[in-house]
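J.: After the structure tokens below, expect a handful of questions from me.
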2 protein chains.
Amino acid sequence: MPVQLFGRRQVTDIIEIPERSGTAFRLAKGETLIVIDPRGEQVADLLAFNAADVDEVISSGRTLDYAEHIYLTKGDKLYSNRSNVMLDIVEDVVGRHDFLLTPCSFDTFKHFYPDLEPHRGCFGNLAEALDPYGIGADRIPVAFNCFMNVPVDGASGRLRVLPPISKAGDHIALRAEMDLIIGLTACSAPDSNGGTFKPIHYRIEPAQTR
Amino acid sequence: MPVQLFGRRQVTDIIEIPERSGTAFRLAKGETLIVIDPRGEQVADLLAFNAADVDEVISSGRTLDYAEHIYLTKGDKLYSNRSNVMLDIVEDVVGRHDFLLTPCSFDTFKHFYPDLEPHRGCFGNLAEALDPYGIGADRIPVAFNCFMNVPVDGASGRLRVLPPISKAGDHIALRAEMDLIIGLTACSAPDSNGGTFKPIHYRIEPAQTR
């Protein structure tokens, strides 16, 4: 299902992440990852590790410190725990993503959905997908949760997990600033996507196209 | 300098963390750590690791998810990356702490204070203090930053680092829910404490006093 998204000459295939699952893959420096919400109102948890040394990992704390705001969008950079830029948000038609919360897990499912069958969540899906790269479950930090809508009330500090504002076909594009291992999911938690489970699409643009 | 803070019969000595430095120590399950701002408007970055397995570590993402608010205070619990409660906030006379930002480092100093001599910051101080416990610098996550005042504007998402609202002698008390390695600092960054560098005091109450 190749689509002409950005007027590029050469377009790579779109890859589908089925609902409630996850994957991991290499993203070379200069390549751009386009994460697409094909049906709207779905979330994709994104992790990044330095491919040459997986102890260097995406860091919400460093990123929010440098960005000085919590709602990241085009022009913002995602930093590692070593203060290096891992990803640069080069395009974003949604403008609302979360970088406060850790991927949902078996334990968070039991907590938030006591009446549902617990699911291993994006945490379990990421742990399995990252295992072949030598990345253990304990190394999963706060994810950059594409399309996740977590508004914060500034006065009370209250946060809410609301349905995403992304519409069908909306996307965010992130260019790699170093060789990376990426973990990416199609969200498993009812609250994050308005109670529906849907796939996520992604596509990788070669380097030097932007 | 022992002080009677809570009407307890037996009071342990207060330990001083000198300005712009850090320390690490064991805190047994049931013991309560009292972090005191002796002069007011100073910040103490706090980290916690499971003493039996340091791959289990304090997690802002899990904690904020469970708490459903970003300004943690009495009654809130600090969770690990494995969804276990590490610390329980049993007393808090300040009510404003930060759990969004990673401890400042040599790199963040260069970024935010280009005209000052860079300092290794709480990150460097914690890395040195935690090294004897087998905890490397790459394992330092978002800290629970006691007294750090980081209001978030809910509409724009903008965050600001303002002077703490803590007054001289104010404290927060956290009871350990498992055997822990604690990292604790007296903040090194001008913005976090209104441009002054001051010590932090702490005290450990034995178990079963609360």
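The values are calculated or read from the model by the stated rules, or taken from the named source; none is laboratory data. Quick caveat: nothing in here was measured; it's all calculated off a predicted structure. As a convention, Cβ positions derive from the backbone with ideal geometry for all residues, glycine included, and neighbour counts pool all protein chains shown.
J.: Kindly provide the set of residues from segment B:109-126 that are outside any loop (DSSP other than H, G, I, E, B) and either away from chain A (no Cβ under 11 Å) or touching a residue at least 40 places away in the same chain (Cβ under 8 Å) (or both), ordered by number. Show your work before the answer.
T.: Taking segment B:109-126 first, the residues outside any loop (DSSP other than H, G, I, E, B) are B:109-112, B:121-126.
Answer for segment B:109-126, where residues must be outside any loop (DSSP other than H, G, I, E, B) and either away from chain A (no Cβ under 11 Å) or touching a residue at least 40 places away in the same chain (Cβ under 8 Å) (or both): B:F109, B:F112, B:G121, B:C122, B:G124, B:N125, B:L126.
J.: Go over the candidates A:D88, A:D37 one by one and state the one that is touching a Gly at 6+ places or on another chain (Cβ under 8 Å), modelled with pLDDT of 95 or more, more than 14 Å from chain B (Cβ to nearest Cβ) and more than 26 Å from B:Y79 (Cα to Cα). Break it down stepwise before answering.
T.: Details: A:D88 fails: touching a Gly at 6+ places or on another chain (Cβ under 8 Å).
After ruling out the rest, the residue left standing is A:D37.
J.: What number of residues within segment A:38-57 satisfy the criterion of being under 11 Å from the mean Cα position of the chain (by Cα) and assigned to a strand (DSSP E or B)?
T.: Qualifying residue count, segment A:38-57: 5.
J.: From the list B:G194, B:G154, pick out the single residue that is more than 30 Å from A:R96 (Cα to Cα), of a type in the set (G, A, S) and surrounded by fewer than 24 Cβ atoms within 10 Å (Cβ to Cβ).
T.: Numbers: B:G154 fails: more than 30 Å from A:R96 (Cα to Cα).
That would be B:G194, the only listed residue that is more than 30 Å from A:R96 (Cα to Cα), of a type in the set (G, A, S) and surrounded by fewer than 24 Cβ atoms within 10 Å (Cβ to Cβ).
J.: Specify the residue that is farthest from the other protein chains (Cβ to nearest Cβ); the eligible residues are those in segment B:143-199 that are free of Cβ contacts under 8 Å to residues at least 40 places away in the same chain and among the charged types (D, E, K, R).
T.: Going through the qualifying residues, I end up with B:R160.
J.: Closer than 30 Å to A:S156 by Cβ, of a type outside the set (S, T, N, Q) and within 12 Å of the chain's Cα centre (by Cα): which single residue out of B:F147, B:F112 fits that description? Walk me through how you get there before you give the answer.
T.: Numbers: B:F112 fails: within 12 Å of the chain's Cα centre (by Cα).
The conditions single out B:F147.
J.: Please go through segment B:95-107 and give me each residue that is buried (at least 19 other Cβ atoms within 10 Å of the Cβ) and either under 22 Å from A:F123 (Cβ atoms) or of a type outside the set (S, T, N, Q) (or both), ordered by number. Don't jump to the end; show me each part of the working.
T.: Here is the first cut: in segment B:95-107, the ones buried (at least 19 other Cβ atoms within 10 Å of the Cβ) are B:96-105.
Of everything in segment B:95-107, those that are buried (at least 19 other Cβ atoms within 10 Å of the Cβ) and either under 22 Å from A:F123 (Cβ atoms) or of a type outside the set (S, T, N, Q) (or both) turn out to be B:R96, B:H97, B:D98, B:F99, B:L100, B:L101, B:T102, B:P103, B:C104.
J.: Based on this model, can you work out whether A:S166 counts as surrounded by fewer than 22 Cβ atoms within 10 Å (Cβ to Cβ) and either at pLDDT 95 or above or of a type outside the set (A, V, I, L, M) (or both)?
T.: Details: surrounded by fewer than 22 Cβ atoms within 10 Å (Cβ to Cβ): no; either at pLDDT 95 or above or of a type outside the set (A, V, I, L, M) (or both): yes.
Criteria not met by A:S166.
J.: Please state which of the following conditions B:G75 fails to meet, knowing it meets all the rest: (1) part of a loop (DSSP other than H, G, I, E, B); (2) more than 7 Å from chain A (Cβ to nearest Cβ); (3) on the phi < 0 side of the Ramachandran plot; (4) not hydroxyl-bearing (S, T, Y).
T.: (3)
J.: How many of the residues making up segment B:41-65 are farther than 19 Å from B:F25 by Cβ, surrounded by 21 or more Cβ atoms within 10 Å (Cβ to Cβ) and at the interface with another protein chain (Cβ under 8 Å from one of its Cβ atoms)?
T.: Residues that pass the stated criteria total 6.
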